[in-house]
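*Asks:* Starting off with a structure, shown below.
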Amino acid sequence: MTITVNVNGQKHQVDAEPDTPLLYVLRNDLELNAAKYGCGLGQCGACTVMIDGKAALSCVTPLLVAEGREITTVEGLGTIDNPGPIQRAFIEKQSAQCGYCIAGMMMSAAALLKQNPKPSDDDIRSALRTNLCRCGTHMRIMAAIRRASELMEEAALPAATNRSAG
């Protein structure tokens, strides 16, 4: 069956069974490898992406559910040359140790910041409740999300007018 998915602003036609996990399509068909296969049960968050702006566990999301919806992966947040605010904050705060969970953490953070641009620490903890990190970088991840909020706020501010004395 051919199913059309919109990933990172691009439409793709995929020949797959409707119950194929979205994660398999992202990794195997579209070669977007940031989302990871962790548990396959929706319990670790390594596969987190956004669907219509909300965090979703792609290992348990059937492809048919994603059809016609906007899917965003870490690759859609920025590039190596021009990382987005969330990516920049995670790099700046050195939030990754092994890196396996980080893409999922970033996507949960992106969904949170889309809904709540200035989250409290409790809001951040709640948004990350489905994301596991065995390396123990939780404090750096929290700091990165707070920093991403600042970077996004700075980016939203109108450019300062440069008034020269004359």
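The values are calculated or read from the model by the stated rules, or taken from the named source; none is laboratory data. Since this is a predicted model, take the numbers as computed values, not measurements. Every residue, glycine as well, gets a Cβ built from its backbone with ideal geometry; the counts of neighbours run over all protein chains shown.
*Asks:* Being farther than 16 Å from M50 by Cβ, surrounded by 15 or more Cβ atoms within 10 Å (Cβ to Cβ) and either modelled with pLDDT of 95 or more or among the β-branched types (V, I, T) (or both) is the filter here, so list the residues in the stretch 126-142 that pass it.
*Replies:* Listed by number, the residues that qualify are T137, R140, I141, M142.
*Asks:* In this structure, does R129 turn out to be outside the structural domain of Y24 (by TED's automatic domain parsing), within 30 Å of P18 (Cβ to Cβ) and not in a helix (DSSP H, G or I)?
*Replies:* yes
*Asks:* On the given criteria, is G68 at pLDDT below 95, outside the structural domain of I102 (by TED's automatic domain parsing) and more than 26 Å from R134 (Cβ to Cβ)?
*Replies:* yes
*Asks:* Answer yes or no as to whether L63 is farther than 20 Å from T130 by Cα and touching a Gly at 6+ places or on another chain (Cβ under 9 Å).
*Replies:* no
*Asks:* Here's a follow-up. Quick check on the stretch 80-101. Is at least one of its residues touching a strand residue (DSSP E or B) at 6+ places or on another chain (Cβ under 6 Å) and among the charged types (D, E, K, R)?
*Replies:* Within the stretch 80-101, not a single residue is touching a strand residue (DSSP E or B) at 6+ places or on another chain (Cβ under 6 Å) and among the charged types (D, E, K, R).
*Asks:* Are any residues in the stretch 108-125 loosely packed, with under 14 Cβ neighbours inside 10 Å, in a helix (DSSP H, G or I), without any contact (Cβ under 8 Å) to a residue 40 or more places away in the chain and not basic (K, R), and if so, which ones?
*Replies:* Residues satisfying the conditions are D121, D122.
*Asks:* Take the conditions free of Cβ contacts under 8 Å to residues at least 40 places away in the same chain, under 14 Å from the mean Cα position of the chain (by Cα) and over 25 Å from N116 (Cβ atoms) and apply them to N28. Does it pass?
*Replies:* Considered against the rule, which asks whether it is free of Cβ contacts under 8 Å to residues at least 40 places away in the same chain, under 14 Å from the mean Cα position of the chain (by Cα) and over 25 Å from N116 (Cβ atoms), N28 comes out as no.
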